[in-house]
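See structure below.
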Amino acid sequence: MKSLHAQQHPLADTDYQLAVLNQAEATGAHLPAFATRLRETGLLPLRPTSISVMQINVGKMCNQTCRHCHVDAGPDRTEIMTRETMQQCLDALAQSDIAVVDLTGGAPEMNPDFRWLVEQISALGRQTIVRCNLTIIVANPKYHDLPSFFAQHRVHVVSSLPHFSAVRTDAQRGAGVFERSIRALRMLNEVGYGVEGSGLLLDLVYNPAGAFLPGSQASLERDFKQRLLREHGVVFNSLLTITNLPVSRFLDYLLESGNYTAYMEKLIAAYNPAAAANVMCRSTLSIGWDGQLYDCDFNQMLDLLVEAGAPRHIRDFDLAALSQRAIVINQHCYGCTAGAGSSCGGATVS
Amino acid sequence: MEKSTYYNPADLAKFGNITEWQPEMGRKFFEYYAEVFKDGALTEREKALIALAVAHAVQCPYCIDAYTSDSLQKGADEAQMMEAVHVAAAIKGGAALVHGVQMMNKAKELSM
């Protein structure tokens, strides 16, 4: 499967995606503006609480081409962060008290400077989270030592595994991904990841393989723990449930499968003011592969930069100015406010 | 004009409207309904699968749509959902067949 970008698909154009999200009349449905709901909740303009996480997207290159990917990542994407831009991120980090750096992609490990970046973050005494797709660990012998590299730097590993069944996982992430993911999970377990008392955190991410919302995080975690242990001998720490946002390839899936309007209606009907108050963009700064600044990774993939007036590139980092910005919102934001809420850290409302 | 049919998928979303003509009973029903499907001695996923099986047994199209979505949402996979339908089929089939004993009893009663 090629990326939308490589296919020259209309949805590879972010203006077109935004037009789809904002043209309710084209779908025949009335989808109220997210801004209206936020105003009713008393949260407009939406502002940061405190910036505690720097999320760096080190590139769109990936060994997988998942059907729901909001990044439109894949082997055919070549946009990756240079060491120079990474250094600018580190300079910004050094002048702030941001405690956590969340590395995402693509497959972040495919960036040739990935390990260097993790070492520098460690040297600054900050916590690294890596959003590891698991299969990268077994994709090539040069990645087989990633579990021990992660352990050496006490990296918090967060990995996607949309289901404990091979059928549902492969439907979303590609044929054979479940089996390779289980192999990678065993390698992580072997060095202590997910093992009680090791202090090495391994969290799994569940996101629905289709046009429905995630169920209860606690309930799904129980099922995942039981099934993965019983059937594969795999252990992990927490399950994070994440709602799919109507962006890029998941938007394409919704439109192609005829589920778009019903899915948006589902998100809107499930709008939860408590989840709106806890959205992750209030505590996260998102940095693109080219150093540009965004309110979140989804805004990044829609080319929605932080508001004009705030610094828009990491070389111009100014925590005070960024802390006062109004967060840019659009219709896709309904994905983070539905039900128990959704963020890179899972549900936001217990 | 809306197409006339006994089952309109859009009617599922209007289920709550039954309270308009009898608010007290409707409200009590929905409160009870919400309580039933909470995590308890059975998980939410197990309850969704039971509901899916019952939906097939009572052949309610609204319920089949609703509990297919709900089962997926609660984390069930295709194999679990189809096994739930087989449980319904086995009980429905068994319920028919077990009456064969009554048929045999009656036939024997009437026969030489």
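A compact table of results
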quantity: Summed residue charge, Cβ within 15 Å of A:P273's Cβ, Lys/Arg positive, Asp/Glu negative; calculated: +2
quantity: Candidate lysines for bridging to A:K60, where Cα separation is under 21 Å - those fewer than 8 sequence places away on the same chain excluded; calculated: A:K2, A:K142
quantity: Given charges at beta-carbon only (K, R positive; D, E negative), |dipole| of region B:10-54 in Debye; calculated: 40 debye
quantity: Cα-projected label distance for A:W116 with A:N22, points at 7 Å along beta-carbon direction, nm; calculated: 4.0 nm
quantity: Two-site FRET efficiency, A:T36 against A:D290, from Cβ-Cβ distance with R₀ of 30 Å, rounded to 0.05; calculated: 0.35
quantity: Cβ-derived FRET efficiency at R0 25 Å, A:A321 paired with A:Q87, nearest 0.05; calculated: 0.75
quantity: Positive-end residue of A:Q324, A:A277, A:S342, charge dipole of region A:269-344 with Cβ unit charges; calculated: A:A277
quantity: Normalised alpha carbon radius of gyration of region B:18-110 [divisor 2.2 N^0.38 Å]; calculated: 1.44
quantity: Average other protein chain Cβ within 10 Å of Cβ, residues B:37-43; calculated: 2
quantity: For chain B, calculated [θ]222 nm from helices alone, where every DSSP H run of n ≥ 4 adds -39500 (n - 2.57); calculated: -22500 deg cm²/dmol
quantity: Surrounding net charge for A:P141, when Lys and Arg each add one and Asp and Glu each subtract one, Cβ distance under 15 Å; calculated: +1
quantity: Test item: B:63-74 mean partner chain Cβ contacts at 10 Å; calculated: 3
quantity: Rel. contact order, % - alpha carbon contacts under 8 angstrom, at least six apart, chain A; calculated: 23 percent
quantity: For chain A, calculated [θ]222 nm from helices alone, where every DSSP H run of n ≥ 4 adds -39500 (n - 2.57); calculated: -10000 deg cm²/dmol
quantity: Calculated P(r) of region A:71-227 - Cα pairs past 24 Å, %; calculated: 37 percent
quantity: Alpha-carbon centroid distance for the pair region A:150-228 / region A:284-340, whole angstrom; calculated: 28 Å
quantity: Neighbouring partner chain Cβ atoms per residue of A:208-217, average, 10 Å criterion; calculated: 4
quantity: Helix B:78-110 axis, angle to chain B major axis (alpha carbon atoms, nearest 10°); calculated: 40 degrees
quantity: Long-range HN-HN contacts of A:V205 with modeled amide H, under 5 Å; calculated: A:S159, A:S160, A:L161, A:L240
quantity: Cβ charges +1 (Lys, Arg) and -1 (Asp, Glu), total dipole of region B:18-110, debye; calculated: 440 debye
quantity: Gyration tensor verdict on chain A (Cα atoms; rounded if a/c is under 1.5, prolate if a/b is larger than b/c, oblate otherwise); calculated: rounded
quantity: Cα shape, region A:1-103, gyration tensor, a/c 1.5 rule; calculated: oblate
quantity: Relative contact order (%) - criterion: Cα under 8 Å, at least six apart; region: region A:48-183; calculated: 24 percent
quantity: Max mean-square fluctuation residue, GNM over chain B, Cα-Cα springs under 10 Å, options B:K74, B:K14, B:K47; calculated: B:K14
quantity: Relative contact order [Cα under 8 Å, 6+ residues apart], region B:18-110, whole percent; calculated: 23 percent
quantity: Dipole of chain A, positive direction: furthest Cα of A:L134, A:S238, A:G59, with charges on the beta-carbon; calculated: A:S238
quantity: Centroid-to-centroid separation of region A:83-141 and region B:35-112 [C-alpha atoms, Å]; calculated: 51 Å
quantity: Simple Cβ-charge dipole of the protein assembly as shown, Lys/Arg +1 and Asp/Glu -1, about Cα centre, in debye nearest 20; calculated: 800 debye
quantity: Gain upon complete extension [B:S111, B:E24; 0.36 nm per residue less C-alpha separation]; calculated: 25.8 nm
quantity: Cα extents of region A:185-332 along the three principal axes, largest first (Å); calculated: 53, 40, 29
quantity: Separation in nanometres of the label points that stand 7 Å from Cα toward Cβ, at B:A89 and A:L229; calculated: 3.4 nm
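Since every read-out is calculated from the coordinates, none of them should be taken as a lab result. Bear in mind that the values here come from a model prediction, so they are computed numbers and not experimental data. Methodologically, a virtual Cβ is constructed for each residue, glycine included, from the backbone with ideal geometry; neighbour enumeration extends over all protein chains shown.
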